[in-house]
1. I'd like the full set of residues that are part of a strand (DSSP E or B) and open to solvent by 40 Å² or more (accessible area, probe 1.4 Å), limited to the stretch 82-99.
2. Looking at the stretch 1-24 only, could you name the residues that are open to solvent by 10 Å² or more (accessible area, probe 1.4 Å) and either outside any helix (DSSP H, G or I) or more than 22 Å from R81 (Cβ to Cβ) (or both)?
3. Output the residue which, of all residues in the stretch 25-81 that are in a strand (DSSP E or B) and of a type in the set (G, A, S), is most open to solvent (accessible area, probe 1.4 Å).
4. When you scan the stretch 100-115, do you find a residue that is in a loop (DSSP other than H, G, I, E, B) and within 14 Å of the chain's Cα centre (by Cα), even just one?
5. Could you list all residues from the stretch 131-178 that are hydrophobic (A, V, I, L, M, F, W, C) and surrounded by fewer than 17 Cβ atoms within 10 Å (Cβ to Cβ)?
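The values are calculated or read from the model by the stated rules, or taken from the named source; none is laboratory data. These figures come from a predicted structure and were not determined experimentally. Backbone-built Cβ (ideal geometry, glycine too); neighbour counts: all protein chains shown. We work out accessible area using only protein heavy atoms, side chains counted, and drop any ligands, DNA or RNA first. Shrake-Rupley method; radii C 1.70, N 1.55, O 1.52, S 1.80 Å.
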Amino acid sequence: MRFLLIEDNAKLASAVTERLTLDGHVVDHGPDIASGKDFIATTEYDLILLDIMLPDGDGRDFLEEQRRLQDETPVIVLTARSEVSDRVTVLDLGADDYLTKPFDFSELEARCRAVLRRRGGSGTNQRHIGNLTFDPQAGTLKLGDRTTTLRAKELRLLELFLGAQDQILSKAKLMDRLFSYEEEVSENAIEVYVGRLRKHLDGSPVAIVTVRGLGYRLQVE
């Protein structure tokens, strides 16, 4: 998934980015509201992690504005305020969840998964398609008696395809979802990851087909 982290504490931002990146996510970091708005203007995000007290304003105002603009991107608020009234306020403004600082990174990851599951209309992490079972939390793909542990990018690529069944995803779109602005990669990297994923899916009812000149599409028998 591609996350936007709006947080002015450089040490915390670096730690959160490193942890989520190790999980295979793409994280763009903005230290203030202005940079966050710049990112949103050019990129689509699966989840926003939002601090409240920022150098150029209040994160709650940013959240309220995004909801007023009909932006439904899930938002988890990161706040040092533990009062019930503060938590109620951010939830009423449109936040999907909140986490009180200091927090454990494993809890942050779990809350991210929970919010994304709810938005996807699922109550479980696992996806079952015929004889194929995909568990993004465990990072495994089970086909019959064969279990494969996916690499981070392969895992996120499969999530993208499963979330956009029958849609054509261009290489540029996949690049945007899999890599951050700081990563210098070519579109050939997408071909490599698609090739690896196809081998893992061989023998399953799921196939990634090439749509010449346009990109790729997930096809389920």
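1. Within the stretch 82-99, just Y98 meets the criteria.
2. M1, D8, N9, S14, T17, E18, R19, T21, L22, D23
3. Looking at residues that are in a strand (DSSP E or B) and of a type in the set (G, A, S), I get G57.
4. The answer is no, given that none of the residues of the stretch 100-115 is in a loop (DSSP other than H, G, I, E, B) and within 14 Å of the chain's Cα centre (by Cα).
5. A138, A152, L162, A164, I168, A172, M175
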